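Undergrad: Let me give you the structure first, and then I'll get to my questions.
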Amino acid sequence: DQQVKQNSPSLSVQEGRISILNCDYTNSMFDYFLWYKKYPAEGPTFLISISSIKDKNEDGRFTVFLNKSAKHLSLHIVPSQPGDSAVYFCAASAVGSNYKLTFGKGTLLTVNP
Amino acid sequence: DVKVTQSSRYLVKRTGEKVFLECVQDMDHENMFWYRQDPGLGLRLIYFSYDVKMKEKGDIPEGYSVSREKKERFSLILESASTNQTSMYLCASSPGTIPYEQYFGPGTRLTVT
């Protein structure tokens, strides 16, 4: 059973516009959520995180929004740049999980110049 | 800067061979993880370790074993490689503190022929 879902395998946006990547989860025990970015032939790199007690966290061009009642989070990238083209993974950690992360399947973002 | 290194970037092995993938981290992290990444399936946890000589199965441990004799080193062993183990293997380490961020190595692309 997939506990973290990224329903859009891919997303294409124009440079300068907003990119919105979505993630849904089913486990009510998740208390931290993270976004990772992955370029081909490289390991994922951490982008931004949010605690379940917050509804928004911002870091430069990246903002993550959390809607606990809907079990939904989203990553906003404004403005999008061609260098943002990568696979984005949503991940979540549950209380008492020995710090394991549960990852979604990823969304390939393409930012067109 | 946290550094996680993996012994090989690319590896080609024959069916039935015993394969060792090694991972080393330099940040004295307690937790280390092995994942495999396949197209459309995201990151799947194979095994993880939360202390020296301690290990726990992830979501897909079949056909794999691990070894952690020293804190900084975590090895993944394919006892008898099969073609369905052709994949990208990613190692990660984590200090186990909020927000449970994991730091990834560059990955090993393993091809089993």
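Undergrad: Restricting attention to the range B:1-33, which residues are β-branched (Val, Ile, Thr), under 16 Å from residue B:76 (Cα atoms), open to solvent by less than 50 Å² (accessible area, probe 1.4 Å) and within 12 Å of another protein chain (Cβ to nearest Cβ)?
TA: B:4
Undergrad: Assess whether residue B:109 counts as being within 16 Å of residue A:43 (Cβ to Cβ) and open to solvent by 70 Å² or more (accessible area, probe 1.4 Å).
TA: When the stated conditions are applied, residue B:109 passes them.
Undergrad: How many residues, within the range A:7-40, are open to solvent by less than 50 Å² (accessible area, probe 1.4 Å) and either assigned to a loop (DSSP other than H, G, I, E, B) or not acidic (Asp, Glu) (or both)?
TA: Qualifying residue count for the region: 15.
Undergrad: While we're on this one: Among the residues in the range B:93-113, are any touching a residue at least 40 places away in the same chain (Cβ under 8 Å) and acidic (Asp, Glu)?
TA: Within the range B:93-113, not a single residue is touching a residue at least 40 places away in the same chain (Cβ under 8 Å) and acidic (Asp, Glu).
Undergrad: Still on this model: For the range A:66-109, enumerate the residues that are away from chain B (no Cβ under 14 Å) and closer than 19 Å to residue A:25 by Cα.
TA: Scanning the range A:66-109 gives A:67, A:68, A:69, A:70, A:71, A:72, A:74, A:75, A:76.
Undergrad: Can you tell me how many residues within the range B:85-106 are closer than 20 Å to residue B:68 by Cβ, more than 7 Å from chain A (Cβ to nearest Cβ) and among the hydroxyl-bearing types (Ser, Thr, Tyr)?
TA: Total satisfying the criteria: 4.
Undergrad: Do you know which residues across the range B:58-98 are assigned to a loop (DSSP other than H, G, I, E, B) and open to solvent by less than 30 Å² (accessible area, probe 1.4 Å)?
TA: B:58, B:61, B:81, B:96 - these are the residues of the range B:58-98 that are assigned to a loop (DSSP other than H, G, I, E, B) and open to solvent by less than 30 Å² (accessible area, probe 1.4 Å).
Okay, residues lined up against (1) of a type in the set (A, V, I, L, M, F, W, C); (2) under 11 Å from the mean Cα position of the chain (by Cα); (3) in a loop (DSSP other than H, G, I, E, B):
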residue	(1), (2), (3)
A:42	no, no, yes
A:57	no, no, no
A:63	no, yes, no
A:83	no, no, no
A:88	no, yes, no
A:93	no, no, no
A:96	no, no, yes
A:111	yes, no, no
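Undergrad: Given (1) open to solvent by less than 40 Å² (accessible area, probe 1.4 Å); (2) touching a Phe, Trp or Tyr at 6+ places or on another chain (Cβ under 8 Å); (3) within 26 Å of residue A:39 (Cβ to Cβ), identify the lone condition not met by residue B:49.
TA: (3)
Undergrad: Where the second residue is buried (at least 22 other Cβ atoms within 10 Å of the Cβ) and the first is assigned to a loop (DSSP other than H, G, I, E, B) and lies in the range B:26-46, which pairs have Cβ atoms under 6 Å and are six or more apart or on separate chains?
TA: Listed by first residue and then by second, the contacts come to B:29/B:93; B:29/B:94.
Undergrad: Sticking with this structure for a sec: Quick one: is residue B:69 over 14 Å from residue B:36 (Cα atoms), within 11 Å of chain A (Cβ to nearest Cβ) and among the charged types (D, E, K, R)?
TA: no
Undergrad: All but one of (1) hydroxyl-bearing (Ser, Thr, Tyr); (2) more than 9 Å from chain B (Cβ to nearest Cβ); (3) closer than 27 Å to residue B:47 by Cα hold for residue A:63; which doesn't?
TA: Evaluating residue A:63 over (1) hydroxyl-bearing (Ser, Thr, Tyr); (2) more than 9 Å from chain B (Cβ to nearest Cβ); (3) closer than 27 Å to residue B:47 by Cα leaves (3) as the failure.
Undergrad: While we're looking at this one, here's another question. Would you please name the residue that is farthest from the chain's Cα centre (by Cα), looking only at residues in the range A:44-55 that are of a type in the set (A, V, I, L, M) and within 11 Å of chain B (Cβ to nearest Cβ)?
TA: A:50
Undergrad: Still on this structure, please answer the following. Test residue A:101 against the stated conditions and say whether it is in contact (Cβ under 8 Å) with a residue 12 or more places away in the chain and touching a helix residue (DSSP H, G or I) at 6+ places or on another chain (Cβ under 7 Å).
TA: It is false that residue A:101 is in contact (Cβ under 8 Å) with a residue 12 or more places away in the chain and touching a helix residue (DSSP H, G or I) at 6+ places or on another chain (Cβ under 7 Å).
The values are calculated or read from the model by the stated rules, or taken from the named source; none is laboratory data. None of these values were measured; they are calculated from a predicted model. Heads up, the Cβs are rebuilt from the backbone with ideal geometry, glycines too, and the neighbour counts pull from every protein chain shown. Note: accessible area is taken over every heavy atom of the protein model, side chains too, but ligands, DNA and RNA are not part of it. Shrake-Rupley method; radii C 1.70, N 1.55, O 1.52, S 1.80 Å.
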